[in-house]
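The values are calculated or read from the model by the stated rules, or taken from the named source; none is laboratory data. Just so we're clear, the structure is a prediction, and the values are computed from it rather than from any experiment. Positions of Cβ are backbone-derived with ideal geometry, glycine not excepted, and every protein chain shown enters the neighbour counts.
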Amino acid sequence: MTGITILGATGTIGLNTLNVIAQHRHQFKVIALTAHTNVSRLAEQCVKWQPKYAVVSDEAHVDLLHKELKEKGYSADTEILAGVEGLIKVASLPEVHTVMAAIVGSAGLLPTLAAARNGKRLLLANKEALVMSGKLFMQAVQNNYATLLPIDSEHNALFQCMPLNKKNSQAIELDSMGIKQLILTASGGPFRTFTAKQLENVTPEQACKHPNWNMGRKISVDSATMMNKGLEVIEACWLFNTPPDKIKVLLHPQSIIHSMVEYVDGSVLAQLGNPDMRTPIAHALTWPERIQSGVDSLNLAEIAQLHFEDVDMQRFPCLRLAYEAMLAGGTTTAILNAANEVAVQAFLDKQIRFVDIPTVIEQTLTNLTGKDASHLDFILEDDAQAREVAGIEVQRLAIK
Ligand code: NAD
Ligand code: MG
């Protein structure tokens, strides 16, 4: 039995992970489940999975979870922990072999890093952790012999299209594998065909309605601004040890090809499948073995045609900002990430307009200079500073 901790169990990726595991109950033992504040969903999951630990964000939610479990007549011996210390603990336990890192945003950084430092098999959905701390994170993976497997569908696709010798070493140069470039596909999100004028009036509800994927609200807005693809470019740079100029973004509205690897001989390898996160999750759970995920077979005759187009960086400046931040290096990508988190939340709270999101980020990047990112303290300092600067920018732009 493989002991597993699911960080962010109540989110979209967490639910999909439990869905796959439920199809293979004899293979996995759920050791810990974590949530932020969604106590009722976590309580249901406890009843079903009887984990050794459950983690919530603070003491108040510990009490609420106790109460909820008592009302359900729950009698299993589950220890309830709180806060980031609890998250770090359940990501580090010796009986945990695999950690699914599926907390959204910077809140996932410390527990995800703890899993790497403890040499776990780390299933990485929480791309923001890598964007914030790429160098440090990859060093932790290598120094502690962790196995890092990408859950983001594009990176999982790239990983699947790479030669076998890549599979256990994160430090191989793409050149030495004959790889010319990585082609990250992007659906373009719900506003792909919108004019700049139309983008001025879009609402959070529209932004959260992704045409192909059902995701959490933050990543849905990121997909709509294309910052998600920007974060993914940065993620790919770290995962595959490559500079950003070797990563091309290609619009593919149907999300059937999840990404491609182009080799120097002209071969292009692609990974295809229905847009369902259970495929990369199942792949990573048992790699290099394959297990059923519950995803339907791909019916290409029905799809008939696949479409592609280039990205318009004018309408979607977030992608440009991400490339620039990666080139600038150091803590600049942590600054980009923090400013984006602040701006997205302000948009979801209807404080600023959709088109103000890149303005907040660009202004924050202009006001701050990134520094060396080899210490966690530097990263956390710049993250905090960026949130402050972005907050001021939000106030300046706030809808009257
Ligand atoms: P979600 O909003 O549905 O779920 C987020 C999870 O994180 C929840 O369990 C929530 O309780 C927890 N959480 C939120 N804030 C927290 C905090 N401050 N402290 C502790 N826990 C907290 O998000 P999601 O769509 O499942 O995405 C999770 C991560 O996976 C994100 O980093 C996202 O970019 C990445 N990802 C998601 C998808 C997808 O299809 N949903 C695809 C690729 C990558
Ligand atoms: Mg993705």
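Scanning for something within 19 Å of Lys127 (Cα to Cα), assigned by TED's automatic domain parsing to the domain that holds Asn118, in contact with a helix residue (DSSP H, G or I) (Cβ under 7 Å, 6 or more places away or on another chain) and among the β-branched types (Val, Ile, Thr), does the range 26-42 turn up at least one residue? There is at least one residue in the range 26-42 that is within 19 Å of Lys127 (Cα to Cα), assigned by TED's automatic domain parsing to the domain that holds Asn118, in contact with a helix residue (DSSP H, G or I) (Cβ under 7 Å, 6 or more places away or on another chain) and among the β-branched types (Val, Ile, Thr). Would you point out the residue of the range 74-120, among those that are under 20 Å from Leu42 (Cα atoms) and acidic (Asp, Glu), that is farthest from ligand 2 (Cβ to nearest atom)? Result: Asp77. When the test is whether a residue is touching a residue at least 60 places away in the same chain (Cβ under 8 Å), not in a helix (DSSP H, G or I) and not charged (D, E, K, R), Val131 does not pass it. The set of residues from the range 1-31 being near ligand 1 (Cβ under 9 Å from one of its atoms), free of Cβ contacts under 8 Å to residues at least 60 places away in the same chain and outside any loop (DSSP other than H, G, I, E, B) comprises just one member, Leu15.
All told, Leu148 meets the bar of being in a strand (DSSP E or B) and under 30 Å from Gly86 (Cα atoms).
Would you pick out the residues in the range 199-252 that are of a type in the set (D, E, K, R) and under 14 Å from the mean Cα position of the chain (by Cα)? Those that are of a type in the set (D, E, K, R) and under 14 Å from the mean Cα position of the chain (by Cα): Arg217, Lys218, Asp222, Lys229, Glu232, Glu235. Only one entry in Ser297, Ser293, Ser259 is buried (at least 19 other Cβ atoms within 10 Å of the Cβ) and part of a loop (DSSP other than H, G, I, E, B), namely Ser293.
In the range 145-158, the residues that are in contact (Cβ under 8 Å) with a residue 40 or more places away in the chain and more than 9 Å from ligand 2 (Cβ to nearest atom) reach residues that are of a type outside the set (A, V, I, L, M) and in a loop (DSSP other than H, G, I, E, B) with C-beta atoms within less than 7 angstrom, at least six apart or across chains, in these pairs: Leu148/Gln170; Leu149/Trp287; Leu158/Phe240. Among the residues of the range 1-52, write down those that are among the β-branched types (Val, Ile, Thr), crowded, with 18+ Cβ neighbours inside 10 Å and away from ligand 2 (no atom under 16 Å from the Cβ). Residues satisfying the conditions are Ile4, Thr5, Ile6, Thr10, Val20, Ile21, Val30, Ile31, Thr34, Val39.
Contact map, the range 201-222: first residue within 7 Å of ligand 1 (Cβ to nearest atom), second residue modelled with pLDDT of 95 or more and part of a loop (DSSP other than H, G, I, E, B), Cβ cut-off under 6 Å, separation 6 or more or different chains; pairs are Trp213/Pro275; Gly216/Gly11; Gly216/Val104; Arg217/Cys208; Lys218/Val104.
Of all the residues that make up the range 326-341, how many are within 16 Å of Val104 (Cα to Cα) and either modelled with pLDDT under 95 or surrounded by fewer than 24 Cβ atoms within 10 Å (Cβ to Cβ) (or both)? Total satisfying the criteria: 1. Among the residues of the range 130-140, at least one is modelled with pLDDT of 95 or more, within 16 Å of ligand 2 (Cβ to nearest atom) and within 18 Å of the chain's Cα centre (by Cα).
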